[in-house]
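The values are calculated or read from the model by the stated rules, or taken from the named source; none is laboratory data. This is a predicted model, so every value here is computed, not measured. Virtual Cβ from ideal backbone geometry, glycine too; neighbours counted across all protein chains shown.
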Amino acid sequence: MKAEITPLEAQRIVHLRRRDVVRKLLNRDKTPLMVLLSAAVVGTLVGMVGVAFEHAVNWVQNVRIGTLAQVADHWFIVWPLAFILSALLAMVGYWLVRRFAPEAGGSGIPEIEGALEELRPVRWWRVLPVKFVGGMGTLGAGMVLGREGPTVQIGGNIGRMVGDIFRQRGEESRHTLLATGAAAGLSAAFNAPAGGYSVYHRRDAPAVSLQSDFY
């Protein structure tokens with residue numbers, strides 16, 4: 001004769017079944033969802049940092065130009081002062097790069113390309129502050145440079161930073177977030193939300209288009 005199940009035992013069985021369902025859901029492969037969520041975070045952060053970087057550079061330029069405008073009537077002062085201010089700002093950027101993050105030198109795009117090919121490391125914890133502050137100095141100095149390259153490198157490093165924070169250990173996931181950040185940086189630099197579609201993550205597999213723009 002089959003033994004009857006007491007209400008307490010029935011409740012325990014239901015509890016075990018629910019726990020088993022929850023365990024199965026937690027053990028499922030969450031990589032695609034996590035990558036999408038991480039990409040959204042990357043795009044948002046890169047857009048915000050890109051805007052902050054543009055305003056910071058413009059602020060330095062305005063301060064420099066405003067200082068020169070105060071002595072514009074005295075040519076024997078304005079020309080040496082213009083040279084001194086630009087040289088000091090450029091030296092700030094050069095010293096920061098030389099002292100703390102040599103990989104932050106130049107446009108930064110070759111560094112991101114090298115990182116995608118596993119040829120160069122991404123040390124975002126030192127590149128991000130150096131590239132941001134150093135870029136304020138070099139671009140604010142009035143040098144013939146653009147903010148596109150620095151913004152792309154900043155974006156790529158933010159992508160790697162988010163990957164580390166969310167513990168994305170898979171090679172494909174980490175590369176995707178790195179390229180996502182670079183694409184979002186390109187979009188932020190040109191104020192073109194669709195610009196990131198031109199960035200492709202190329203490895204041994206065919207090119208994969210990145211839907212990376214949340215700017």
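Results, tabulated for the structure shown:
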read-out: Single residue of Arg123, Arg98, Arg64 found to be of a type in the set (Lys, Arg), more than 15 Å from Leu139 (Cβ to Cβ) and in contact (Cβ under 8 Å) with a residue 12 or more places away in the chain; value: Arg123
read-out: Single condition Pro129 does not satisfy, out of (1) surrounded by fewer than 24 Cβ atoms within 10 Å (Cβ to Cβ); (2) over 28 Å from Ala40 (Cβ atoms); (3) without any contact (Cβ under 8 Å) to a residue 60 or more places away in the chain; value: (2)
read-out: Residue ID - nearest to the chain's Cα centre (by Cα), chosen from residues in the range 82-110 that are assigned to a helix (DSSP H, G or I) and small (Gly, Ala, Ser); value: Ala104
read-out: Residue that is closer than 14 Å to Gln153 by Cα and either modelled with pLDDT under 95 or not basic (Lys, Arg) (or both), where the choices are Gly105, Gly93; value: Gly105
read-out: Matching residues, the range 133-145, being in contact (Cβ under 8 Å) with a residue 24 or more places away in the chain and either outside any helix (DSSP H, G or I) or surrounded by fewer than 19 Cβ atoms within 10 Å (Cβ to Cβ) (or both); value: Val133, Ala141, Gly142, Met143
read-out: So Leu119, is it under 23 Å from the mean Cα position of the chain (by Cα), among the aliphatic types (A, V, I, L, M), under 25 Å from Thr180 (Cα atoms) and loosely packed, with under 14 Cβ neighbours inside 10 Å; value: yes
read-out: Looking only at the range 66-116, and only at residues there that are under 17 Å from Gly134 (Cβ atoms) and of a type in the set (D, E, K, R), the one that is surrounded by the most Cβ atoms within 10 Å (Cβ to Cβ); value: Glu111
read-out: Failed item, numbered, when Asp73 is tested on (1) touching a helix residue (DSSP H, G or I) at 6+ places or on another chain (Cβ under 6 Å); (2) over 21 Å from Gly181 (Cβ atoms); (3) not in a helix (DSSP H, G or I); value: (1)
read-out: Condition check for Ala183: assigned to a helix (DSSP H, G or I) and either surrounded by 16 or more Cβ atoms within 10 Å (Cβ to Cβ) or modelled with pLDDT of 90 or more (or both); value: yes
read-out: From Glu113, Glu118, residue being part of a helix (DSSP H, G or I) and modelled with pLDDT under 90; value: Glu113
